[in-house]
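Asker: Okay, handing you the structure first.
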Amino acid sequence: MAQKAAWINGASRVIAIDPLNYRLAKAKAVNKVDTLNPHEVDVVEAIREMTGGRGADVCVDAVGFEPERDLMDKVKAAVHFEAGSMKVLDMAFKAVRRMGTVSIMGVYGSPYDNFPLHRIFDKGITLKMGQAPVLNHIDKLIELVKDKVVLDDIITHTLPLSEVSHAYEIFQKKEEDCVKVVLKPGT
C-alpha cells in the first residue's frame, strides 16, 4: 500500500525492499516497482547506484521494530532492554539523500540505544511519523479507494473467519507466499 501511495503522490520511481522474493515478485507485478532483496545486494549502495549517487528523495519505513534479525541483533536488543530492532530505519537514514524525507509508518514502541541523531542532523533529514489522523483524511481515502486504488490485487488468501488462527500463523511465519489475508465472517 505504501508503494501505491507513492505513485498516487507523484513518485517518478518506486523501489521496494524486502527479504522475501515472493513478496518482491508480488510488488513488481502489482505495483510496477523496482525491487531489491537485502540478502542479495547492499541496499544502500544499490539505491545510490539507481539514483545517480544522490540517494532516495523519500524513504518509507513500513516495517517498524520487527525486521529480520540475526543473533547479534537480538543480543544487543536484550542488553539494552529494547523491543525489536531499528535496523530498517537506520538503513532508511543511510539511503535517503541529503535534505530528503524519511516517513515512518512502522511502529516503534521503545527507546533505542545509539539512535543515529548525528546522521539525521548532518544530512538535514525531515522525519514524518506518528499515528495517522485517519478521521481527518477518511473522506479523501474512501474516494481514492473508489476511483483510483486497486486493493484486491495484493490479497493472496481469502479465508473464513473461523480460520483466523491459521491466517495469522501463515502471515507471521511467511508461509504459503502469504501477503494479505481477507477474513470472511459467517463462512
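The values are calculated or read from the model by the stated rules, or taken from the named source; none is laboratory data. Remember, it's a predicted structure, so these values are computed and weren't measured experimentally. Don't worry about glycine lacking a Cβ; one is built from the backbone with ideal geometry, like all the others, and counts go over all protein chains shown.
Asker: Tally the residues that are at pLDDT 70 or above, crowded, with 19+ Cβ neighbours inside 10 Å and either touching a helix residue (DSSP H, G or I) at 6+ places or on another chain (Cβ under 7 Å) or of a type in the set (D, E, K, R) (or both), restricting the search to segment 56-86.
Answerer: Total meeting the criteria: 6.
Asker: Then there's this: Give segment 139-172 a look and list any residue that's part of a loop (DSSP other than H, G, I, E, B) and at pLDDT below 90, or say none.
Answerer: LYS148, VAL149, VAL150, LEU151
Asker: Of all helices (runs of 4 or more DSSP H) completely enclosed by segment 1-71, which ones contain at least 2 residues that are basic (Lys, Arg)? Full working, then the answer.
Answerer: Numbers: elements: 2-8, 21-31, 43-50.
Result: 21-31.
Asker: Looking at LYS180, LYS128, LYS174, LYS123 in this structure, which one is in contact (Cβ under 8 Å) with a residue 40 or more places away in the chain and under 22 Å from the mean Cα position of the chain (by Cα)?
Answerer: Working: LYS180 fails: in contact (Cβ under 8 Å) with a residue 40 or more places away in the chain; LYS128 fails: in contact (Cβ under 8 Å) with a residue 40 or more places away in the chain; LYS123 fails: in contact (Cβ under 8 Å) with a residue 40 or more places away in the chain.
Exactly one residue qualifies, and that residue is LYS174.
Asker: Here's another thing I want to ask about it. Do we find that GLY130 is under 29 Å from LEU24 (Cβ atoms) and of a type in the set (Gly, Ala, Ser) in this structure? Spell out how you get there, then give the answer.
Answerer: Details: under 29 Å from LEU24 (Cβ atoms): yes; of a type in the set (Gly, Ala, Ser): yes.
Here the answer is yes, as GLY130 does meet what is asked.
Asker: Cβ-Cβ distance below 8 Å, separation of 6 or more or different chains: which pairs start in segment 43-66 with a residue that is at positive phi and end on one that is modelled with pLDDT of 95 or more and surrounded by fewer than 15 Cβ atoms within 10 Å (Cβ to Cβ)?
Answerer: Close Cβ pairs (under 8 Å, with a partner that is modelled with pLDDT of 95 or more and surrounded by fewer than 15 Cβ atoms within 10 Å (Cβ to Cβ)) amount to GLY55/ARG98.
Asker: Please go through segment 118-138 and give me each residue that is aliphatic (A, V, I, L, M), part of a helix (DSSP H, G or I) and either under 12 Å from LYS94 (Cβ atoms) or touching an Asp or Glu at 6+ places or on another chain (Cβ under 8 Å) (or both), ordered by number. Spell out the reasoning first.
Answerer: Narrowing segment 118-138 to residues aliphatic (A, V, I, L, M): 120, 125, 127, 129, 132, 134-135, 138.
From the residues that got through so far, the ones that are part of a helix (DSSP H, G or I) too are 120, 134-135, 138.
Within segment 118-138, just ILE120 meets the criteria.
Asker: Do you know which of the residues in segment 1-27 that are among the charged types (D, E, K, R) and over 18 Å from LYS174 (Cα atoms) is surrounded by the fewest Cβ atoms within 10 Å (Cβ to Cβ)?
Answerer: In the first step, residues of segment 1-27 are kept if they are among the charged types (D, E, K, R); the result is 4, 13, 18, 23, 26.
Then keep just the ones that are over 18 Å from LYS174 (Cα atoms); that gives 4, 13.
Working: LYS4: 19, ARG13: 12.
That would be ARG13.
Asker: Also, quick follow-up: Does VAL145 qualify as being over 22 Å from ILE15 (Cβ atoms) and in the same structural domain as ILE8 (by TED's automatic domain parsing)? Please lay out each step first, then the result.
Answerer: On the way: over 22 Å from ILE15 (Cβ atoms): yes; in the same structural domain as ILE8 (by TED's automatic domain parsing): yes.
Here the answer is yes, as VAL145 does meet what is asked.
Asker: Continuing with the same structure: Considering only residues of segment 173-187 that are hydrophobic (A, V, I, L, M, F, W, C) and not in a strand (DSSP E or B), which is nearest to ARG23 (Cα to Cα)?
Answerer: Only one residue tops the list, namely VAL179.
Asker: So for segment 87-103 (the condition being more than 22 Å from VAL43 (Cα to Cα) and at pLDDT below 85), does at least one residue qualify? Don't jump to the end; show me each part of the working.
Answerer: Step one: filter segment 87-103 for residues more than 22 Å from VAL43 (Cα to Cα), giving none.
Scanning segment 87-103, I find no residue that is more than 22 Å from VAL43 (Cα to Cα) and at pLDDT below 85, so the answer is no.
Asker: Go through segment 119-139 residue by residue and tally those that are loosely packed, with under 10 Cβ neighbours inside 10 Å and either under 16 Å from VAL58 (Cα atoms) or not small (Gly, Ala, Ser) (or both).
Answerer: Result for segment 119-139: 7.
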